[in-house]
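The values are calculated or read from the model by the stated rules, or taken from the named source; none is laboratory data. Quantities reported herein were computed from a predicted structural model and do not represent experimental measurements. When we count neighbours, we look across all protein chains shown, and the Cβ atoms used for this are built from the backbone with ideal geometry, even at glycine. Side chains included, ligands, DNA and RNA excluded: accessible areas come from the protein's heavy atoms. Shrake-Rupley method; radii C 1.70, N 1.55, O 1.52, S 1.80 Å.
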Amino acid sequence: MATEVAQQIVPPLLPPGSLRPDPRPVGEILVEAGFVTPEQLAEALSAQHLEDERVGETLVRLKHASGWQVCQALARQFGMPCVEKMKHDDVEDELVESLSIGYARDNMLIPIKHDKEMAVLHVLAADPHKLLDLDDLARVYDAEIEVTLMPAAEVGALINDVYSKRAKDVDLEKKEEAFDEEDEDLLHASAEDAPIIRFVNSLIFNASKEKASDIHIEPGDKEVVVRNRVDGVLHEVRRAPKAHLPSIIARVKIMAGLNIAEKRLPQDGRIRRKIAGKEVDMRVATAPTSNGERVTIRLLDKSAMALSLEVIGLAKDHLHTIRETIHRPHGIFLVTGPTGSGKTTTLYSSLSAINRPDLNILTVEDPVEFQLAGISQVQINPKIDLTFASGLRSFLRHDPDVIMVGEIRDKETAEIAIQASLTGHFVLSTIHTNDAATGITRLVDMGVQPFLVASSLVALQAQRLVRRVCPHCCKPHEPSPVELNNLGVDPDRFFAGEGAGALKAPVNDEHGALLPLTPMKNYTLPPPGHLWEAVGCELCNGQGYTGRTGVYEVLDITEEVRRLAIRNADASEIKRCAIEQGMRTLRDDGAHKVLCGTTTIDEVMRVTSEEG
């Protein structure tokens with residue numbers, strides 16, 4: 001096994017048959033291999049102490065090196081074989097029965113093969129520094145340990161895949177005890193309660209593994225139905241007997257710190273748990289229905305949150321406009337869209353882009369979803385009269401440069417935000433409207449004077465999230481001229497192979513030059529005259545899509561738009577003016593992403609149906 005793995009190592013770091021330790025530091029080995037530059041290594045050495053991490057981890061965090069490159073350097077340093085990745089099918093299932101998931105995660109290792117004839121246990125590990133004492137493992141399996149290194153992210157994913165098999169099939173009727181036996185809650189649970197605890201734990205564990213955003217526990221006439229929302233689409237994952245509903249609801253309430261005796265009124269709570277080594281916050285909401293209480297759990301995976309404008313799906317023209325906007329000294333930047341459209345992520349990404357020591361940045365949010373270093377964040381609490389308006393009013397006495405307001409919901413909050421922008425502060429916020437132009441008229445509808453709206457706003461951005469087509473199973477599809485026209489693509493120019501030139505609203509750079517189509521990482525452009533079509537495979541759970549990206553509509557407040565706002569023009573007139581000046585609508589941006597091979601026509605038409 002070790003020989004097979006060693007043969008997969010990429011030269012020049014560790015040629016097959018050369019497993020002698022190299023005493024040099026990992027950073028020096030990476031520089032010699034050409035994976036990082038001396039300047040990048042120096043930056044990592046300076047930054048590693050801030051996070052109390054090893055230099056290899058810092059290089060990966062700063063995106064100067066990949067996990068696989070660091071793994072190869074460690075393999076050379078310690079004289080060990082290494083492998084880039086491995087499927088869970090290659091792991092002997094019975095091996096994990098003797099090893100707790102807690103031990104595997106703490107030590108970032110997993111046994112994969114037990115050669116009983118040779119009395120050798122082959123183990124995959126991420127960090128050789130944690131392998132100084134393997135006597136416990138050797139005693140458990142009564143074998144000599146042979147270690148192969150693999151990148152930390154791959155080891156963590158493999159641990160989750162292998163151990164999730166034990167949690168996936170928890171059935172309340174069969175009373176199976178398949179979930180992690182080391183769950184501390186089970187130590188305090190009676191034999192009757194334990195299956196309920198395992199059932200709820202397995203729901204959360206599997207939802208996190210699926211990267212679901214919400215779990216819906218819904219009572220029916222005879223059964224409890226559990227549905228997960230993955231990439232914006234709900235699908236059923238589990239059913240349970242109706243008799244277990246009170247116990248399931250009570251368990252979730254206990255985890256969220258809610259009143260289990262109150263069943264007639266809605267309640268809101270929060271759960272914080274470490275799942276598969278990742279910190280996950282969960283917002284819990286209960287509501288009484290005719291069939292009993294229902295629960296919705298929203299999962300907020302902090303480790304998966306992208307906090308960079310470059311990776312949330314902004315095209316280069318939009319990115320240029322947003323960067324110019326957020327670096328202004330004063331004004332209001334509004335992000336619009338429905339719940340779950342990624343508005344908070346956009347605001348956090350914008351704050352991360354301008355966050356520096358010489359700026360005082362304050363936020364008031366509901367809730368604080370992600371802690372940003374160097375930024376003071378306040379969570380509203382209506383019970384003690386800490387609202388968006390009162391928090392914003394207080395902020396003005398703290399000498400702020402930039403203020404983020406989670407949402408403008410009423411006239412009072414809107415007026416304070418406008419006054420803040422007019423007195424030299426830059427304000428970022430969200431508002432619930434369907435498109436960017438309607439954000440202007442929405443503020444007027446709240447009771448704000450049109451001239452104040454026009455003088456304070458600098459830009460608005462509407463957005464939606466579309467599912468990315470699975471790059472492993474998508475197939476070419478020749479669209480019809482009607483489909484292309486509806487999408488905003490000229491059929492004649494498309495079939496002539498003109499690429500980005502076929503877009504009726506082309507994407508330009510800051511100088512007005514047409515930008516070529518550029519696929520996202522891991523994606524490729526469709527063949528000429530074709531677009532990608534979703535199919536479905538094991539890797540995407542048969543959905544045909546994996547992950548999401550944003551489609552955007554950025555309205556820059558020009559003098560013409562400002563004049564229309566002052567005379568209280570309607571949203572459609574403002575939108576027409578903005579389009580004439582070069583604004584691309586949500587559907588136009590979706591068309592660009594379809595041509596780039598990121599998503600499909602069906603997906604763009606689904607999320608932009610009202611804006612067509």
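Here are a few things to note about the model shown:
- Taking only Cα atoms of the stretch 118-164, radius of gyration then Dmax in Å: 11.4, 30
- Solvent exposure of the stretch 255-387 as accessible area per residue, Å², 1.4 Å probe: 48
- Phi-derived couplings, Karplus 6.51 cos²θ - 1.76 cosθ + 1.60 at θ = phi - 60°, listed residue by residue for the stretch 509-519: 7, 5, 9, x, 7, 5, 8, x, 5, 10, x Hz, with x used for Gly and Pro.
- Taking the accessible area of the chain, probe 1.4 Å, and keeping the other protein chains in place, the carbon and sulfur fraction comes to 49%.
- Debye log10 I(q)/I(0) for the stretch 391-480, one point scatterer per Cα, at q = 0.14, 0.16, 0.18, 0.26 Å⁻¹: -0.56, -0.66, -0.78, -1.44
- Paramagnetic label reach from residue 397 (point 7 Å along Cα→Cβ; backbone nitrogen cut-off under 16 Å): within the stretch 417-440, no residues.
- Against the main long axis of the alpha-carbon atoms of the chain, helix 343-354 sits at an angle near 90°.
- Cut-off under 5 Å, modelled amide H: who pairs with residue 386 long-range: 381
- Here the Kirkwood formula puts the hydrodynamic radius of the stretch 399-555 at 19.1 Å, using every distinct Cα pair.
- Residue-normalised accessible area of the stretch 48-139, given per residue in Å² at a 1.4 Å probe: 52
- Here is the P(r) of the stretch 516-575: all C-alpha pair distances, binned every 10 Å from 0, give 15, 29, 18, 20, 17, 2 in whole percents.
- Separation in nanometres of the label points that stand 7 Å from Cα toward Cβ, at residue 518 and residue 478: 3.2
- Highest to lowest packing among 250-258, 340-348, scored as the average C-beta count within 10 Å: 340-348, 250-258
- The Kirkwood hydrodynamic radius of the stretch 23-163, based on inverse pair distances between different Cα atoms, is 15.8 Å.
- Directionally averaged projected area (convex hull, Cα atoms, the stretch 234-350), nm²: 10.7
- With Cα atoms, 0 to 90° folded angle of helix 152-168 axis to the chain main axis: 80
- Note on the stretch 204-286: semi-axes of the ellipsoid equivalent to its C-alpha gyration tensor, largest first and rounded to whole Å, are 21, 18, 11.
- Each residue of the stretch 323-429 gets 101 Å³ once the volume of the Cα convex hull is shared out per residue.
- Ranked packing of 397-410, 380-393, 540-553, most packed first, by mean Cβ within 10 Å: 540-553, 397-410, 380-393
- The value obtained for the chain, namely the Cα convex hull volume divided by the number of residues, is 192 Å³ per residue.
- With DNA, RNA and ligands ignored, accessible area of residue 29 (1.4 Å probe; Å², nearest 10): 0
- Taking 438, 518 and ordering them by how much accessible surface each has at a 1.4 Å probe, largest first, produces 518, 438.
- Size descriptor, Kirkwood hydrodynamic radius, that averages inverse alpha-carbon separations across the stretch 32-73, Å: 10.1
- Solvent-accessible area of residue 87 with every protein chain in place, 1.4 Å probe, in Å² to the nearest 10: 150
- Across the stretch 324-339, rounded Karplus estimates of 3J(HN,Hα) from the backbone phi angles (6.51 cos²θ - 1.76 cosθ + 1.60, θ = phi - 60°) give 4, 5, 6, 9, 6, x, 7, x, 10, 10, 10, 10, 10, x, x, 4 Hz, Gly and Pro being marked x.
- Accessible-area value, residue 358, 1.4 Å probe, nucleic acids and ligands omitted, Å²: 100
- Relative to the longest principal axis of the Cα atoms of the chain, the long axis of helix 67-78 lies at roughly 30 degrees.
- Karplus (6.51, -1.76, 1.60) ³J(HN,Hα), θ = phi - 60°, over the stretch 543-554, in Hz, Gly and Pro reported as x: 7, x, 9, 8, x, 9, 9, x, 10, 10, 9, 10
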